[in-house]
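See below for the structure under consideration.
The values are calculated or read from the model by the stated rules, or taken from the named source; none is laboratory data. Since the structure is predicted, the reported quantities are computational estimates derived from the model, not experimental observations. Because the Cβ atoms are built from the backbone with ideal geometry, glycine has one as well, and the counts that use them run over all protein chains shown.
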Amino acid sequence: MAAHAGGLTSTPAVRVRDLHRSFSANGGVLNGLDLDIAAGEFVALIGRSGTGKSTLLRALAGLDRDVKGSGRIAVPDSVSVVFQDSRLLPWKRILGNVTFGLRGGDADRRGRQALAEVGLAGREQAWPYQLSGGEQQRAALARSLVREPRLLLADEPFGALDALTRIRMHTLLRKLCEAHRPAVLLVTHDVDEAIVLADRVILLDGGVVRTDVPVDLPDRSRNSPAFADLRAHLLDQLGVEAS
Ligand SMILES: Nc1ncnc2c1ncn2[C@@H]1O[C@H](COP(=O)(O)OP(=O)(O)O)[C@@H](O)[C@H]1O
Ligand SMILES: [Mg+2]
């Protein structure tokens, strides 16, 4: 993972200033949010359900053009988005899904390489329904990464997977991000997932970034005291009683 650059020396990949979004007259979802993400930095976004995590992600992805709001958003030219469901096109084979919309004569080769990177070599000609949920998310990651995005936005991408598959996907996502170095904003409700994966964890509350902590652990073992301390701190910030 990239070192936390702090955004002082290099231009951040993502720069958000005074972002406001609201869906009704009785109050905003985002209320003047500021956020920087350095190039290559992995940021996890946590927060209680309904605090506006997806709203922020959709704003960064440019998917919220009908939503009322204001503020400044700067993101790289190439942005990929992964959601909780893979959103594969059911009428296209896996390779066709990964290369869909890709230009250039080497699209097939790049698609095959991306599938190999996510562990799906040999499944190029499968249909989406023939893949397990975890495999479908692998394909969705391949479809994102084949575009070499400078920013990867992921909204609870592992939320529908069983615990063991989720842990495998953590390992895969870290490996992919270390190889490709996009800036990442990962929305998750899983505090452990945030600590395992991110360089920095931010907590959204009241429409602004309430907590912003670097993940500065000697290792990412879930059993280490430093991990437990950070987990307890974040759960406390979330208003959850740590057990
Ligand atoms: N398209 C929409 N229309 C109306 N209200 C919305 C819409 N999208 C989100 N909201 C509301 O905005 C708030 C934040 O939603 P969301 O960003 O999805 O939260 P989170 O992802 O943190 O759970 C919620 O109260 C939700 O009901
Ligand atoms: Mg959400």
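Numbers for the structure displayed
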item: Among the residues listed as A183, A163, the single one being out of contact with any helix residue (DSSP H, G or I) (no Cβ under 8 Å at 6 or more places or on another chain) and more than 24 Å from G101 (Cβ to Cβ); result: A163
item: Hits in region 217-226 - residues which are over 21 Å from the mean Cα position of the chain (by Cα) and surrounded by 15 or more Cβ atoms within 10 Å (Cβ to Cβ); result: A226
item: Cross-chain or 6+ apart pairs with Cβ under 9 Å, region 79-96 first and closer than 24 Å to R150 by Cα and at pLDDT 95 or above, then among the hydroxyl-bearing types (S, T, Y) and buried (at least 21 other Cβ atoms within 10 Å of the Cβ); result: S80/S144; V81/S144; V82/S144
item: Those residues of region 52-79 which are within 16 Å of ligand 2 (Cβ to nearest atom) and either under 25 Å from D216 (Cβ atoms) or aliphatic (A, V, I, L, M) (or both), in sequence order; result: K53, L56, L57, A59, L60, A61, L63, V67
item: Given (1) assigned to a loop (DSSP other than H, G, I, E, B); (2) in the same structural domain as H20 (by TED's automatic domain parsing); (3) surrounded by 20 or more Cβ atoms within 10 Å (Cβ to Cβ); (4) not charged (D, E, K, R), index of the condition A160 fails; result: (3)
item: Some residue of region 120-132 being more than 16 Å from ligand 2 (Cβ to nearest atom), touching a residue at least 12 places away in the same chain (Cβ under 8 Å) and aromatic (F, W, Y); result: yes
item: Looking only at region 41-76, and only at residues there that are in a loop (DSSP other than H, G, I, E, B) and in contact with a helix residue (DSSP H, G or I) (Cβ under 8 Å, 6 or more places away or on another chain), the one that is farthest from ligand 1 (Cβ to nearest atom); result: V75
